[in-house]
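Accompanying notes for the structure given below.
Every number in this text was worked out from the coordinates using simple rules, so none of it is lab data. The shown structure was predicted, so the numbers you read here are calculated from the model rather than taken from an experiment. Here Cβ is always computed from backbone atoms with ideal geometry, including for glycine, and neighbour counts include all displayed protein chains.
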Amino acid sequence: MLIDNHNRVINYLRLAVTDRCNLRCNYCMPSEGINFVKKDKLLSIDELKRVALIAVEQGIEKIRITGGEPFVRRDLMELLRYLSNLDGLKDISITTNATLIGPYIQELKELGITNINVSLDAIEKATFERITRRKQFETVYGNLVKLINEGFNVRINFIVLENQNEGDILSILDWFKNYPVSIRFLEEMPFNGGTKGFSSIKWNYKAILEHIRTVYPNFNKLEVPATATAINYQIEGHTATFGIIPSFSRTFCGSCNRLRITATGDIITCLYGKPKANLRTFLRNTANNSEIGGILKQVIGNRAKTGFEAQEEHSTVFDNSMTSIGG
Ligand code: SAM
Ligand code: SF4
């Protein structure tokens, strides 16, 4: 079992499989001039399989595949097939922009992968395409509805962006009210590749909740596992639920059970901090699995207590993009 220096059990790995993406969401990366890493620095599928195996041997029970956009990796399904047969791994989840998932939906179902988070920051086509800087609304929306209709456990991630998509907060709740889906509103974080710092945001979780209350005064708070980052609610009469993720305010650190490994093998023990070690060289040299497991244990034994403490590792502006960290 992996236990950190603040007595938190770490059993959830967010594994990024690429830093590349076919969209250019303006809160995540700049429109151009992005320094994607050289291909040979990305972990190969065999290396990702090994990382997953070692992590599970050490006590990881849930792996979320993220990126970049996971499905831009043509060999992604090979990794997913492997994970679905990995003893000890109880949950495989994917976070995707849903542009490329269409042809794989059936196989994902066969593999028993049911938890899919889809990023959809607007229900209005023009707003969506302005934010993502690409014309993919119909494809994303079509795949999203297909996933829901096929019985996947779908959560929509909607980052609330000042002067961009506030108008869609209420309309997305209305649009999906009869669908078995969870809509999660996320506070924006300054991870867009280096132009923003942590100052304050207009759309914090209280503002989002108050905004929803103006039209839907009757909603109930739902029970969630202690390690959940979202605070979840259900509006009376709606099938859908909604949640708010205070990514910026960070009220969830006390129960954090997460570890992140980037597509280049960096180990990140807190989203707000800097990488603590890189596994790539160890994977490519002679280190055996227990030595690599030892590196995981070592960094987990030295975690910041909160995101605020970890943030001090940065100067005022974050140079990271979420596409390299994986969200
Ligand atoms: N491409 C996939 C997608 O968009 O779902 C997976 C990778 S993306 C980096 C993972 C998650 O991070 C997405 O839900 C995205 O909305 C979120 N994200 C990206 N930049 C963010 C930011 N600046 N603040 C908050 N969340 C962000
Ligand atoms: Fe790509 Fe996801 Fe970042 Fe959007 S949020 S640019 S889809 S990685």
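Based only on Cα atoms, what Rg/Rh ratio does segment 172-327 have, Rh being taken as Kirkwood's radius? Show your work: numbers first, answer last.
On the way: Rg = 18.6 Å, Rh = 17.7 Å.
Over the Cα atoms of segment 172-327, Rg/Rh equals 1.05.
Cα centroids of segment 117-152 and segment 41-95: how far apart, whole angstrom?
Here the answer is 24 Å between Cα centres.
What does the helix-only formula give at 222 nm for the chain: each DSSP H stretch with n ≥ 4 adding -39500 (n - 2.57), the total divided by the residues, and the result rounded to the nearest 500 deg cm²/dmol? Intermediate values should be presented prior to the final figure.
Working: 11 runs with 96 residues, N = 327.
Helices in the chain give a 222 nm mean residue ellipticity of -8000 deg cm²/dmol.
Only Lys, Arg, Asp and Glu count, each charged at its Cβ (+1, +1, -1, -1), so figure out the dipole size of segment 2-325 about its Cα centre, rounded to 20 debye.
Values: 40 positive and 35 negative charges, 81 e Å.
The calculated dipole for segment 2-325 is roughly 380 debye.
Given R₀ = 30 Å, what would the calculated FRET efficiency be for LYS221 paired with GLU61, taking r from the Cβ atoms and rounding to 0.05? Working shown, then result.
Values: r = 26 Å, r/R0 = 0.88.
After rounding to 0.05, the efficiency reads 0.70.
Taking all pairs of distinct Cα atoms, average 1/r, flip it, and tell me the Kirkwood hydrodynamic radius of segment 224-286 in Å to one decimal place. The partial results should precede the final answer.
On the way: mean 1/r = 0.0695 Å⁻¹.
Value: 14.4 Å, from the Cα pair sum.
Hey, what D do you get for segment 1-113 in µm²/s if you plug the Kirkwood alpha-carbon radius into Stokes-Einstein at 4 °C and 1.567 mPa s?
On the way: Rh = 15.2 Å.
Answer, rounded: 85 µm²/s.
For the chain, just give the cysteines left without a disulfide-compatible partner, judged by no other Cys Cβ under 4.7 Å.
Unpaired cysteines in the chain: CYS21, CYS253, CYS256, CYS270.
Once you have the Cα-Cα distance between ALA228 and SER84, take 0.36 nm times their residue separation minus that, and quote the gain in nm to one decimal. Before the final figure, lay out each step's value.
Details: separation 144, 0.36 × 144 = 51.84 nm, distance 2.31 nm.
Gain on stretching ALA228 to SER84: 49.5 nm.
So what's the angle, to the nearest 10 degrees on a 0 to 90 scale, between helix 45-58 and the longest Cα principal axis of the chain?
On a 0 to 90 degree scale, this one is about 90.
Over the chain, what is the mean sequence separation of C-alpha contacts under 8 Å (at least six apart), divided by residue count, expressed as relative contact order in percent? Write out the running numbers ahead of the final one.
Working: 633 pairs, mean separation 77.2, N = 327.
About 24 percent, as a whole number.
Report the Cα centroid-to-centroid distance between segment 251-286 and segment 6-30 in angstrom, as an integer.
10
With springs only between Cα atoms under 10 Å apart, run a GNM on the chain and tell me which of ASP266, ASP87, ASP168 wobbles the most.
Highest fluctuation among the options: ASP87.
Helix 137-149 versus the longest principal axis of the chain: what angle, 0 to 90°, nearest 10, using Cα atoms?
On a 0 to 90 degree scale, this one is about 80.
Pick out, from THR281, PHE242, ILE268, the residue whose Cα sits farthest towards the positive end of the charge dipole of segment 227-290, with +1 on the Cβ of Lys and Arg and -1 on the Cβ of Asp and Glu.
THR281
Could you state the angle between the C-alpha long axis of helix 205-215 and the longest principal axis of the C-alpha atoms of the chain, as a value from 0 to 90 degrees rounded to the nearest 10?
Here the helix axis deviates by roughly 30 degrees.
Could you sort 125-131, 184-190 so that the peptide with the highest average Cβ count within 10 Å comes first and the rest follow in order?
Working: 125-131: 16.7, 184-190: 21.9.
Final packing ranking: 184-190, 125-131.
What's the long-distance tail for the chain, i.e. % of Cα pairs beyond 32 Å? Mind showing how you got there, number by number?
On the way: 13240 of 53301 pairs.
So the portion of pairs separated by more than 32 Å is 25 percent.
Before anything else, pin down the relative contact order of segment 106-185: Cα pairs under 8 Å, at least 6 apart, normalised by residue count, whole percent. Mind showing how you got there, number by number?
On the way: 85 pairs, mean separation 30.3, N = 80.
Across segment 106-185, relative contact order equals 38 percent.
Set the bar at 18 Å for Cα to Cα. Now go through LYS39/LYS297; LYS274/LYS305; LYS146/LYS177; LYS276/LYS305 and name every pair that lies beyond it.
Numbers: LYS39/LYS297 28 Å; LYS274/LYS305 14 Å; LYS146/LYS177 16 Å; LYS276/LYS305 15 Å.
Result: LYS39/LYS297 exceed 18 Å.
In segment 2-325, what percentage of the DSSP-assigned beta bridges are antiparallel, given to the nearest 5? Each step should come with its number before you reach the end.
Values: 13 of 46 bridges.
Antiparallel bridges make up about 30 percent of those DSSP assigns within segment 2-325.
Per-residue HN-Hα couplings for segment 99-114, Karplus 6.51 cos²θ - 1.76 cosθ + 1.60 at θ = phi - 60°, whole Hz, x for Gly and Pro?
Listing the rounded values in order: 7, 10, 6, x, x, 9, 4, 4, 5, 4, 4, 4, 7, x, 8, 10 Hz.
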